[in-house]
Amino acid sequence: MKNKFLKDSIYVAETNIDDMSPVIYETVFEKLYKAGAMEVFLTPVQMKKLRPGILLTALVPKDKLEKTAEIIFRETTSFGIRYYEVKRLKLIRKKSADNWKYGKIRMNKGYIGRKLVRVSPEYDDCRKIASKKNIPLKNII
């Protein structure tokens, strides 16, 4: 019998920041994604002395961990990064290009075993069609 899910592992790199201008995060995100981060996000946290802070988290493949750390150290005010390996279960993914009334849209399809459980249109395709046809993006998606 086939596996129901795909399995792999990735690294979580994270740091708490409480002394940096928020306008800098956009550049940090751009550089992390360009370097191969799979996901980057910010979470508000309460730090020592009740200071509000930000938890910067990047999900990265193992071979991108050191480059991720270098970017975080160069581009933020962080003096330390926590990192750890996490295991993941993922839907089995298949891609297709389906014709819709507005045009061809690439679709990401997720399966548990052989059962289709999720269909998600490719955002960039939807955005292009919405712009070209002057239709609200939410209507295409």
**Prompt:** Before we move on, is residue 138 part of a helix (DSSP H, G or I) and either closer than 17 Å to residue 11 by Cα or in contact (Cβ under 8 Å) with a residue 24 or more places away in the chain (or both)?
**Reply:** no
**Near pairs, Cβ below 6 angstrom, 6+ apart or cross-chain, from segment 11-24 (assigned by TED's automatic domain parsing to the domain that holds residue 68) to any residue that is assigned to a strand (DSSP E or B) and of a type in the set (Phe, Trp, Tyr)** = 11/83; 12/84; 13/83
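Quick grid of which residues meet (1) buried (at least 16 other Cβ atoms within 10 Å of the Cβ); (2) assigned by TED's automatic domain parsing to the domain that holds residue 20; (3) touching a residue at least 24 places away in the same chain (Cβ under 8 Å):
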{"site": "42", "(1), (2), (3)": "no, yes, no"}
{"site": "54", "(1), (2), (3)": "yes, yes, yes"}
{"site": "58", "(1), (2), (3)": "yes, yes, yes"}
{"site": "62", "(1), (2), (3)": "no, yes, yes"}
{"site": "65", "(1), (2), (3)": "yes, yes, yes"}
{"site": "69", "(1), (2), (3)": "yes, yes, yes"}
{"site": "76", "(1), (2), (3)": "yes, yes, yes"}
{"site": "79", "(1), (2), (3)": "no, yes, no"}
{"site": "104", "(1), (2), (3)": "no, no, no"}
**Residue count for segment 14-69, restricted to those that are polar (S, T, N, Q) and touching a Pro at 6+ places or on another chain (Cβ under 7 Å)** = 1
**Message:** Against the definition (touching a helix residue (DSSP H, G or I) at 6+ places or on another chain (Cβ under 6 Å) and in a strand (DSSP E or B)), how does residue 106 come out, yes or no?
**Reply:** yes
**Item:** The listed residue being of a type outside the set (Lys, Arg), part of a strand (DSSP E or B) and over 29 Å from residue 116 (Cα atoms), out of 83, 25, 33
**Value:** 83
**Prompt:** touching a Leu at 6+ places or on another chain (Cβ under 7 Å), polar (S, T, N, Q) and closer than 20 Å to residue 8 by Cα - does that describe any residue in segment 33-52?
**Reply:** no
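The values are calculated or read from the model by the stated rules, or taken from the named source; none is laboratory data. These numbers come from a predicted model, not from an experiment. Here Cβ is always computed from backbone atoms with ideal geometry, including for glycine, and neighbour counts include all displayed protein chains.
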